[in-house]
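These notes concern the structure reproduced below.
Just so it is clear, none of the values below were taken in a lab; they were calculated from the coordinates. This is a predicted model, so every value here is computed, not measured. Here the Cβ positions follow ideal geometry from the backbone for every residue, glycine too, while neighbour counts run over all protein chains shown.
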Ligand SMILES: Cc1cc2nc3c(=O)[nH]c(=O)nc-3n(C[C@H](O)[C@H](O)[C@H](O)COP(=O)(O)OP(=O)(O)OC[C@H]3O[C@@H](n4cnc5c(N)ncnc54)[C@H](O)[C@@H]3O)c2cc1C
Ligand code: FES
């Protein structure tokens, strides 16, 4: 298990990928951790950092794919080469990689952890769903991705004889779980600390309260 560290790191590049933004940061002494783990990124001008899954881990860098939906993610997306921010991680529990027939299933910004996960699993099949062709440009980051666009759903395109690892909006995760009860699902909740101290990320899953930052974000649903 990689030990989380907090470091001030410089921005190496900020690149548009469809409507999303790939933020590349110098790695320094931070370890990338396991795919599905996340980092807390300082959002300039905001009090609280924002949780982001690691998207890519090329030599010397950590890459994060951002959906600029609110003030924190927009502030991160507006960073420029040479700016620096505090980065803390890797945090939480990632995906288990000891699966025989992996299939990655993602929706929207849920594609974020898949480039790193795909590399770790030696490029398994992938089904990705997006709202528009523009959003689907992010599929270029994941080799072998089959893309479906709304109104078609990823659950209509996924084979059912696989070990599913999924990330996406809650209704998509619920639909995947209904088809594949053993799927590994990466859940989301607003997070303030990222390491179990604030109880801000408590969610009820199957009648049990869980601090998603320490018990998740990846949970096996069965
Ligand atoms: C473990 C984890 C990994 C994540 N990885 C990524 C990633 O790789 N890329 C990415 O773009 N985003 C990711 N997110 C989501 C991201 O952290 C939030 O979208 C971000 O914190 C929103 O901040 P904001 O200030 O931009 O918007 P806010 O104003 O805080 O939120 C905008 C809207 O989204 C809702 N919201 C905010 N955070 C969440 C959340 N976590 N879950 C559900 N609804 C939320 C708010 O209620 C509000 O309606 C991840 C979240 C978690 C928990
Ligand atoms: S984010 Fe603080 S306990 Fe989970």
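Panel note: the C-alpha atoms of the stretch 102-220, placed on their principal axes, show extents of 39, 29, 25 Å (largest first). Stretching residue 97 away from residue 152 to a fully extended chain increases their span by 17.0 nm, per 0.36 nm per residue minus the current alpha-carbon distance. Among 109, 205, 25, the residue with the largest mean-square fluctuation in a Gaussian network model of the chain, with springs joining Cα atoms closer than 10 Å, is 205.
With R₀ set to 35 Å, the beta-carbon distance separating residue 123 from residue 198 gives a calculated FRET efficiency near 0.40.
Helix 170-179 axis versus longest C-alpha principal axis of the chain: approximately 30°, rounded to the nearest ten. Using only Cα positions of the stretch 5-91, each an equal point scatterer, no hydration layer, compute I(q)/I(0) via Debye at q = 0.19, 0.22 Å⁻¹ and quote the log10 values to two decimals. Summing over Cα pairs of the stretch 5-91 leads to -0.75, -1.05.
Normalise the Cα radius of gyration of the chain by 2.2 N^0.38 Å (N = residues in it) and let me know the number.
Details: Rg = 16.3 Å, N = 222, 2.2 N^0.38 = 17.1 Å.
In units of the globular-protein estimate, the chain measures up at 0.95.
How long are the semi-axes of the ellipsoid equivalent to the stretch 159-222, from square roots of 5 times the Cα gyration tensor eigenvalues, in whole Å, largest first? Can you show the working numbers first?
Working: eigenvalues 110, 21, 18 Å².
Rounded to whole Å, the semi-axes are 23, 10, 10.
Secondary structure note: in the chain, about 65% of the DSSP beta bridges are antiparallel.
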